[in-house]
Amino acid sequence: MAGLMNELVSGVVKSVLKEILKKTGSRAATKRQKRQARSATTGRFKKATAKRAARPAKKQVSRRRTVASRSKTR
């Protein structure tokens with residue numbers, strides 16, 4: 001009887017530990033998929049057009065807040 005209870009408890013503990021360990025770890029954010037555009041006339045998928053070259057990002061300029069803007073409640 002004691003062996004049966006011991007086996008039952010160890011089985012439950014093992015399954016709980018397995019479940020906990022399965023959920024840990026880094027998860028990357030899922031990437032969104034763009035919808036394929038369909039042609040208005042034929043209804044078939046359009047071929048991907050050539051992309052424009054992306055402009056480099058502008059340097060961010062910090063703006064100093066004035067005393068008046070600091071005193072306003074946000």
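Couple of notes before you dig in:
- Per-atom-type breakdown for the chain gives carbon and sulfur 56% of the accessible area (1.4 Å probe, protein chains only).
- Here the Karplus relation 6.51 cos²θ - 1.76 cosθ + 1.60, evaluated at θ = phi - 60°, turns the backbone of the stretch 56-65 into coupling constants of x, 5, 6, 5, 7, 10, 7, 9, 6, 7 Hz, with x for every Gly and Pro.
- The HN-Hα couplings worked out from phi for the stretch 3-10 by the Karplus form 6.51 cos²θ - 1.76 cosθ + 1.60 (θ = phi - 60°) are x, 5, 5, 4, 5, 5, 5, 5 Hz, whole numbers, x standing for Gly and Pro.
- Calculated from backbone phi, Karplus (6.51, -1.76, 1.60) coupling profile of the stretch 38-44 in Hz, x at Gly/Pro: 9, 6, 5, 7, 8, x, 8
- Sorted into 5 angstrom bins from 0, the C-alpha pair distances of the chain split as 3, 9, 6, 6, 7, 7, 7, 8, 10, 9, 9, 7, 5, 5, 3, 0 percent.
- Over the chain, accessible surface divided per residue gives 122 Å², non-protein components excluded, 1.4 Å probe.
- Residue among S71, V13, Q36 farthest towards the positive dipole end of the chain, charges placed on Cβ: S71
The values are calculated or read from the model by the stated rules, or taken from the named source; none is laboratory data. Just so it is clear, the model here is predicted, and its values are computed rather than measured. Cβ coordinates were reconstructed from backbone atoms using ideal geometry, including for glycine residues, and neighbour counts include every protein chain displayed. For accessibility, only protein heavy atoms count, side chains too; no ligands or nucleic acids. Shrake-Rupley method; radii C 1.70, N 1.55, O 1.52, S 1.80 Å.
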